[in-house]
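One structure is given below, encoded as structure tokens.
The values are calculated or read from the model by the stated rules, or taken from the named source; none is laboratory data. This structure is a prediction, so every number in the text was calculated from the model and none was measured. Virtual Cβ from ideal backbone geometry, glycine too; neighbours counted across all protein chains shown.
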Amino acid sequence: MTRLSILHTESSCGWGGQELRIISEAEGFRRRGHTVCIAAPREARIFAEAGRRGLAALALPIAKKRAGGILALRRELASRRWEVVNTHSSTDSWLVALALAALPATQAVPLVRTRHISAPISRSAATRWLYGSATAHVVTTGEALRRQVIDEAGLDAGRVTSVPTGIDLERFCPGDRAQARTQTGLPAGRFVVGIVATLRSWKGHRVLVEAIAALKDERAMLVIVGDGPGRDNLREQVRSLGLGGSVLMPGNQDDVVPWLRAFDLFVLPSYANEGVPQAIMQAMACACPVITTPVGSIGEIVEDGQSGLMAKPRDTAALAATIRRLRDDPGLRSRLGQAALDVARQRFAQDIMLDRMEAIFLAVVPGGRLPVGGAKA
């Protein structure tokens with residue numbers, strides 16, 4: 001087996017599904033015998049998390065587009081320690097591309113750009129250079145994102161591959177709800193609607209809070225797992241709606257499995273910027289019925305009426321009606337949960353992701369002979 005030396009870069013100081021995928025992928029490649037390192041700002045949570053998990057981590061000044069970041073990356077990439085560099089956010093992709101452009105051709109390292117979200121891509125000449133000339137291959141986390149990159153960045157289809165995130169199906173699996181309620185401290189007699197997501201506006205937390213208020217059901221309870229820039233505004237919304245006794249915000253949790261098992265229903269009402277959210281995949285693997293929205297590549301894993309239910313984005317009334325429907329139909333909840341579990345077992349295995357990423361890396365390294373051919377999800 002060919003061993004690779006892979007440098008991941010991440011400029012974001014946030015924490016969410018993107019960072020979790022990088023960590024998961026790095027751990028998987030390490031298990032397979034590859035050399036892996038994560039380069040990130042020292043202040044980024046992913047830097048500390050990598051160290052906590054025993055992964056090699058490199059602190060670089062790449063949080064912003066500044067010359068210092070380019071120079072630091074140029075020195076690192078010139079060291080010839082790395083056969084491929086995998087970038088994950090806009091800022092580090094630009095910094096790596098510019099650093100590589102400053103190196104002699106003999107020291108070039110192929111750049112693989114993983115695009116995790118569905119935000120619009122600029123059609124400027126500079127952006128076309130970044131995605132075209134500067135990047136060896138683009139990876140997306142879903143097929144809809146792949147088509148977006150091909151269209152908006154003007155790339156040949158063979159240079160863009162959809163590789164959905166894989167999850168650990170031994171960890172994310174069904175469990176006893178009563179035991180999970182005890183572990184999390186959630187009351188046994190409540191109908192618990194849950195969301196696990198970074199508190200960002202486009203995740204739709206505010207619409208979900210409004211939907212819970214519209215239910216007017218004292219038995220219903222909303223649990224918001226996660227943290228982020230929207231925390232204070234959400235807390236104020238909960239207070240202003242008089243939902244203090246019906247909404248729990250426990251913050252980030254190192255282990256979300258007990259929470260997913262404790263939920264009667266998982267809801268992610270995103271309205272923008274989504275790829276394939278890991279939280280939905282994790283909920284499905286735990287056989288938790290899902291309500292979500294047809295945004296980004298979500299529709300590639302959740303089939304409306306079959307493995308989950310879809311609601312119109314930013315529509316409080318529609319979301320409340322969908323929650324009410326599942327609240328009142330335990331048989332439907334059970335059927336959707338089982339169907340979601342079946343999909344997860346068939347499609348979400350982590351080794352599928354690792355196999356596809358490994359093939360891409362082997363294809364782009366000098367002398368690589370493995371075609372990737374724009375493989376789809």
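Filter segment 174-190 down to the residues that are among the hydrophobic types (A, V, I, L, M, F, W, C) and buried (at least 16 other Cβ atoms within 10 Å of the Cβ), then identify the one that is farthest from Gly245 (Cα to Cα).
Step one: of segment 174-190, the residues among the hydrophobic types (A, V, I, L, M, F, W, C) are 178, 180, 186, 188.
Those still in the list that are buried (at least 16 other Cβ atoms within 10 Å of the Cβ) too: 180, 186.
Working: Ala180: 20, Leu186: 12 Å.
Applying the filter and picking the extreme gives Ala180.
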Residues located in segment 282-320, provided they are surrounded by 23 or more Cβ atoms within 10 Å (Cβ to Cβ) and in a helix (DSSP H, G or I): Gln282, Ala283, Met284, Ala285, Ile298, Leu319
Test result for Ile323, of a type outside the set (Asp, Glu), touching a His at 6+ places or on another chain (Cβ under 9 Å), outside any loop (DSSP other than H, G, I, E, B) and buried (at least 20 other Cβ atoms within 10 Å of the Cβ): no
Which listed residue, of Arg235, Arg219, is of a type in the set (Lys, Arg) and either farther than 30 Å from Glu49 by Cβ or touching an Asp or Glu at 6+ places or on another chain (Cβ under 7 Å) (or both): Arg219
Among (1) within 30 Å of Pro277 (Cα to Cα); (2) in contact with a helix residue (DSSP H, G or I) (Cβ under 8 Å, 6 or more places away or on another chain); (3) assigned to a helix (DSSP H, G or I) - the single one Lys65 does not satisfy: (3)
Single residue of segment 140-160 satisfying the filter (under 17 Å from the mean Cα position of the chain (by Cα) and part of a loop (DSSP other than H, G, I, E, B)) that is farthest from Val302 (Cα to Cα): Thr141
Test: residue in segment 337-344 that is part of a loop (DSSP other than H, G, I, E, B) and outside the structural domain of Ser89 (by TED's automatic domain parsing): no
Test result for Gly175, over 22 Å from the mean Cα position of the chain (by Cα), without any contact (Cβ under 8 Å) to a residue 60 or more places away in the chain and either under 24 Å from Val343 (Cα atoms) or assigned by TED's automatic domain parsing to the domain that holds Arg324 (or both): no
Filter result (among the hydrophobic types (A, V, I, L, M, F, W, C), touching a helix residue (DSSP H, G or I) at 6+ places or on another chain (Cβ under 7 Å) and over 27 Å from Thr161 (Cα atoms)) within segment 318-354: Leu319, Ala320, Ile323, Leu326, Leu332
Residue within segment 108-130 that is in contact (Cβ under 8 Å) with a residue 24 or more places away in the chain, outside any helix (DSSP H, G or I), among the hydroxyl-bearing types (Ser, Thr, Tyr) and under 19 Å from Leu362 (Cα atoms) present: yes
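Quick check, is Gly228 on the phi > 0 side of the Ramachandran plot and surrounded by 14 or more Cβ atoms within 10 Å (Cβ to Cβ)?
yes
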Which numbered condition Leu243 fails, given (1) closer than 23 Å to Pro174 by Cβ; (2) part of a loop (DSSP other than H, G, I, E, B); (3) among the aliphatic types (A, V, I, L, M): (1)
Selection count, segment 56-74, where residues are surrounded by fewer than 20 Cβ atoms within 10 Å (Cβ to Cβ) and more than 16 Å from Gly14 (Cα to Cα): 9
